[in-house]
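Engineer: Pasting a structure below so you can have a look.
The numbers here are math on the coordinates, done by the rules we state, and not lab data. None of the values given here were measured: they were computed from a predicted structure. Quick reminder, even Gly has a Cβ in these numbers, built from the backbone with ideal geometry, and neighbours come from all protein chains shown.
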Amino acid sequence: MDAKVINKTPFVSTRNACKMCAPLGSSLAFKGVEGCTPLIHGSQGCSTYVRRYLISHFKEPVDIASSNFTQEATIFGGGTNLKLALDNVKSQYKPKIIGISTTCLSETIGDDVSSILMDYREIPGNENTAYVHAQTPSYQGSHADGFHEAIAALVKQFARRGEANGKTVLLGGLMSPADLRYLKEVMQAMQMPFVLLPDYSETMDNPHWDEYKLIPEGGTTMEEMEEMGNARAFIQFGEVLNKGRLAGRVSGSHHVVSAGDILQKEFSVTGYHIPFPIGIDNSDLFFDALKNISGKELPAEIAKERGRLIDAYVDGHKYIFGKKAMVYGEEDFVIALTGFLTEIGIDPVIIATGGESKLFEQRIREKTGTENSIVLSGGDFEQMAEYARQIGLDLIVGHSKGYYIARELGIPMVRVGFPVHDREGGQRLLHLGYRGSNQLFDTIVNAVIQQKQDNSPVGYKYM
Amino acid sequence: MISKNKNKKHVPNPEEFKEELLKKYPLKVAKKRAKGILVNDPKDTGMEIQANVRTIPGIITQRGCTYAGCKGVILGPTRDVVNIVHGPIGCSFYAWLTRRNQTKPPTAQDPNYIPYSFSTDMQDSNIVFGGEKKLKDAIQDAWDLFKPRSIAVFSTCPIGLIGDDIHAVCREKKAELGINIFGFSCEGYKGVSQSAGHHIANNKIFSDVIGIDLTLPRAGKFVINMMGEYNIGGDSFALESYFEEMGVTLKATFSGNSTIESYESAHDVDLNIVMCHRSINYIAEMMEKKYGIPWFKVNFIGAQATAKSLRRIAEYFGDEEVMAKTEALIARELESVKAVANKVKPLVQGKTAMMFVGGSRAHHYQELFRELGIETIAAGYEFAHRDDYEGRRVIPDIKIDADSRNIEELKVVKDKVSFKDSLVEKKKALKDKNFEFENYEGMMPEMSKNSLVIDDISHWESELLIEKYKPDIFCAGIKEKYVVQKNGIPLKQLHSYDYGGPYAGFVGAINFYNEMERMLCTDIWKMIDAPWKNEPVCVGSVVEE
Ligand code: SF4
Ligand code: SF4
């Protein structure tokens, strides 16, 4: 049965949310640190749900511990549970770092995690492990906020002042392991020394092992994180980051800074703030920044990739021009995707995110240059569906959760971002750079062609 | 198959294995863990396993939370109730269509709200100032949108803490809207696992839904409820067709392919059959007290088990026609089962399985494996209690701890109107003929000597188990899947069925046999070792200039 079609959405409740909760994001970011075991400080369900969700997308082991609150812990505070959890994680996993995320519950109780950790560090035997804490109550932000909160916490804790090392820091966003591998490949091709944080390109997309590894190999090392303080420059992808809550309906109770803010203000590292490099424009900004930082020309191979992408645009334009699309996901990702869709001639008529930053709409309007598209900040799938039914769409670009709308409307859907749990290979989707954009472009064009072909009375096989 | 496993079966000494497993833990933790790990002796009825106790913080468990058991498991598969999760967004999002319970509304016009995930999506200010107002509005939203028959509200951890009175809100809106609205205080921290949530759900459905509709005529001549069957992968559909063929009317299933509407008159039946004892025995017991409806345990996993269970239902009614139809059904179906078993069994016989899952599946699926000649060498539940391991006879001895005290025990009295003395008499007469009721012997008496029984197995423990025992197949859930497969052992998901199923009934047995053939006879694991690993890189000679 369908929800009624309504022009305006006066609803208070969130119906089919387009966001996940903050500890999911922070735990994913912690998975991108070498030797790190994430721990969620709260009741065990949050940790189990987050694991389950990450696993169904990445299809990898994802070990996230929990401090496992009881009713008593809820009343008297979770300090004892947290310490016990840390003891046990250390004895089983021997991690170098434990990345702790607080849940709605422990934040509401008001557990002072930093002072609990301070006490804990004092106990002999505990000093050899590092403990990082990201404050991630989900009533203040989505999984994207949580993700960037963790990165900021890591930079804050580990970046050191010292001798200049000439490195370029890449502060990643919610990207796929394939995206992260691509970024590293580009840096290697440019022969630019770099630090990528977080780097779950291996840990969340492991090869088959000969021997089981409790903590998968790979990830940003502690030394690399220390080096960030003396880097030559940093590139931060996206600009909403963990500031969603600041610009949202409720102002944050504490001052929110992004990882880039810390590097810029406390370590005077030069910052480049650019969107996710999706599409020609956005990718140009990225490669331009690399050129600026390194003073080097782009390797011929990358220039060729750009050329191929343009070529593809020219070839495929006739199939997709003017098609109406709906796109949704995390703010920074959607901002870049919208730019890309506009660039290839698709008309993004519904652009939505579950995040709540006011920046979102502003940036989207700049990208599309129109006031006519529906931009939903703090939106949910039912709102999207209501609009979609009225507007009429040709295509949906987003993660698996919007599939039901595509199904209802009988239109094609291109799966991007996270979570993709109704297809194989979500972890290997490449979105970034000229190469990723080209793959994305081909997928979109083919989805449109297939729709046309499937519904054609003739059955052309020469398009 | 797996080249690594070619030279077994060297089975480690289970006592030594247990010792090694515990060595890793700090002393205090090891002491506690030791009680949850047993080397089985099916003849020894004095063996006691520790179950349904808190997972130790920092130990990575399979378990979910109370809310997951309440909303996800029990209420999730019911299609005509709008479920509103009161709390921040995550709890609701993660439970949105993530179990593969199927449902089939009779027509496209009949309500099905399962695809929807409603949340109050609590924000900062709601946490500070309370969320009751928002909850009221959310209930109103659901009403405005769907005009549903009933609305259920689920409270998550932060809500319990800020003290919103969801029950007062439900009462108020119920009076205002004139539909049934009920709330569950199923905050995640309330209990040890999902199990606490099952109990909370059972209580509320019993007190607020079952038997509130006294207007309907009886549904048929021989009427039953099926309990603890959740229609994962279409299991219930298979079973529904059997009952129909037997001439037995299925009034309600708790809760696969179900409606709240059917629960409202579910008191008007002759028998409750219980599939998953863990999650639903509370309702079965309470219904017997209140309405006199007898219950017994069934198992539809495995062809022989299915035949046995169907026979028992027919025998309960003692009707010649029902019995004849049942026998005809069994004979016909077993024929097709046999054909597939004959093909698959020779290929997989002698292999070993492990299963760590749920509160009944780790037991039930051993049947299916046995039918294929596969032995279960280690098993355990994720959220069961002692009675699911050792049998219901231990229930009086189970210690009541702080966690179990959190959950209300309803006071149930005989219903003056609907209690059926005739059923009590029927039960007595059958009992005199050794027909068993309220029976569940548990998993351990059916497992072989020296097999391992491990409750609430941790991630780390399963890794060691695999390393030492190298089973041919491991059954668990999605969280364990990739851990186990990275070890070169195929994992079959018994929560979601890996997108397969049904596995219940005769058709389920056939599906499962075929699935085992696919999983156990694949060549993929042989490809793990690249050829250059064992051979010299360069074959042939190098020509030097
Ligand atoms: S907050 Fe509580 S109810 Fe929600 S997922 Fe976590 S443990 Fe479960
Ligand atoms: S309580 Fe908060 S952290 Fe836990 S699952 Fe719910 S939204 Fe996520």
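Engineer: If we sort B:483-491, A:197-205, A:444-452 on the protection proxy, mean other Cβ atoms within 10 Å, highest first, what's the order?
Structural biologist: The peptides rank, most packed first, as A:197-205, B:483-491, A:444-452.
Engineer: Which whole-number percent gives the relative contact order of chain B, counting Cα pairs below 8 Å spaced six or more residues apart?
Structural biologist: 20
Engineer: Lysines near A:K184 by alpha-carbon distance under 24 Å, same-chain residues fewer than 8 away left out - which ones?
Structural biologist: A:K31, A:K59, A:K96, A:K156, A:K167, A:K213, A:K291, A:K296, A:K304
Engineer: Of B:C475, B:C170, how do they rank once you tally other Cβ atoms within 10 Å and put the fewest first?
Structural biologist: With the sparsest Cβ surroundings first, the list reads B:C170, B:C475.
Engineer: A follow-up question, please. Just want to confirm a number: the relative contact order over segment B:209-312, from Cα pairs under 8 angstrom separated by 6+ residues, in percent.
Structural biologist: For segment B:209-312, the relative contact order is 29 percent.
Engineer: Report the Cα centroid-to-centroid distance between segment B:26-64 and segment B:113-138 in angstrom, as an integer.
Structural biologist: 38
Engineer: What three numbers, in Å, describe the spread of the alpha carbons of the protein assembly as shown along their principal axes, ordered from the longest?
Structural biologist: Result, largest extent first: 93, 73, 69 Å.
Engineer: Taking the alpha carbon gyration tensor of chain B, what are the square roots of 5 times its eigenvalues, largest first, to the nearest whole Å?
Structural biologist: 40, 30, 24
Engineer: Give me the net charge of B:E371's neighbourhood, meaning all other residues with Cβ under 11 Å from the Cβ of B:E371; Lys, Arg count +1, Asp, Glu -1.
Structural biologist: +2
Engineer: A follow-up question, please. Based on the alpha-carbon gyration tensor of segment B:374-448 and its eigenvalue square roots a ≥ b ≥ c, which shape applies: rounded if a/c is under 1.5, prolate if not and a/b is larger than b/c, or oblate?
Structural biologist: Note, shape of segment B:374-448 comes out oblate.
Engineer: Moving on. Taking other Cβ within 10 Å of each residue's Cβ, how do B:C157, B:C276, B:C65 sort, fewest first?
Structural biologist: Exposure proxy ranking, most exposed first: B:C276, B:C157, B:C65.
Engineer: How large is ³J(HN,Hα) for each residue in segment A:141-148, as worked out from phi by the Karplus curve 6.51 cos²θ - 1.76 cosθ + 1.60 (θ = phi - 60°), to whole Hz, x for Gly and Pro?
Structural biologist: Once θ is set to phi - 60°, the couplings for segment A:141-148 become x, 8, 4, 5, 4, x, 4, 6 Hz.
Engineer: Among the lysines, which fall within straight-line cross-link reach of B:K136, defined as a Cα-Cα distance under 21 Å, with same-chain neighbours fewer than 8 residues apart omitted?
Structural biologist: Those lysines meeting the cut-off are A:K4, A:K8, B:K71, B:K147, B:K173, B:K174, B:K204.
Engineer: Sticking with this structure for a sec: Straight-line reach from B:K492: which aspartates and glutamates fall under 13 Å, measuring Cα to Cα and dropping same-chain residues less than 8 apart?
Structural biologist: Excluding near neighbours in sequence, the set is B:D472, B:E480, B:E515, B:E517.
Engineer: Mind ranking A:319-327, B:362-370, B:189-197, A:59-67 by how tightly packed they are, going by the mean number of other C-beta atoms within 10 angstrom, highest first?
Structural biologist: Packing proxy ranking, top to bottom: B:189-197, A:59-67, B:362-370, A:319-327.
Engineer: Restricting things to Cα coordinates, could you compute the convex hull volume per residue of chain A in Å³?
Structural biologist: So the per-residue Cα hull volume is 161 Å³.
Engineer: If I take every Cα pair under 8 Å that is 6 or more residues apart in segment B:9-99, average their sequence separation and divide by the length, what percent do I get for the relative contact order?
Structural biologist: It comes to 16 percent, rounded to a whole number.
Engineer: Ranked by Cβ crowding within 10 angstrom, fewest neighbours first, how are A:D311, B:D208, B:D235, A:D284 ordered?
Structural biologist: Taking fewest neighbouring Cβ atoms as first place, the list is A:D311, A:D284, B:D208, B:D235.
Engineer: So what J values fall out for segment B:336-352 if you push phi through Karplus, 6.51 cos²θ - 1.76 cosθ + 1.60 with θ = phi - 60°, rounded to Hz, Gly and Pro as x?
Structural biologist: 5, 4, 4, 4, 6, 4, 4, 6, 7, 3, x, 7, 10, 3, x, 7, 10
Engineer: Just add up the charged neighbours of A:G78: K/R +1, D/E -1, any other residue whose Cβ is under 11 Å from the Cβ of A:G78.
Structural biologist: -3
Engineer: Run lengths n ≥ 4 of DSSP H only: what is the helix-derived mean residue ellipticity at 222 nm for the protein assembly as shown, with -39500 (n - 2.57) per run over all residues, to the nearest 500?
Structural biologist: -13000 deg cm²/dmol
Engineer: Another question, then. Give me the distance between the Cα centres of segment A:35-86 and segment A:411-463, rounded to whole Å.
Structural biologist: Taking the Cα centre of each part, segment A:35-86 and segment A:411-463 sit 36 Å apart.
Engineer: Further, regarding this structure: What pairs from A:K318/A:K452; B:K32/B:K399; A:K401/B:K104 go past 18 Å between their alpha carbons?
Structural biologist: A:K401/B:K104
Engineer: Separate question: For segment A:22-274, which semi-axes, largest first and in whole Å, follow from the square roots of 5 times the eigenvalues of its Cα gyration tensor?
Structural biologist: 27, 21, 18
Engineer: Grab the other residues whose beta carbon is less than 13 angstrom from that of B:T249, score K and R as +1, D and E as -1, and report the net.
Structural biologist: Net local charge, B:T249 excluded: -3.
Engineer: Could you tell me the distance between the Cα centroids of segment A:160-197 and segment B:159-203, to the nearest Å?
Structural biologist: Centre-to-centre distance over Cα atoms comes out at 49 Å.
Engineer: Sticking with this structure for a sec: Note down the Stokes-Einstein diffusion coefficient of segment B:66-190 in µm²/s, whole number, using a Kirkwood radius over alpha carbon pairs, 20 °C, and 1.002 mPa s.
Structural biologist: The estimated diffusion coefficient comes to 148 µm²/s.
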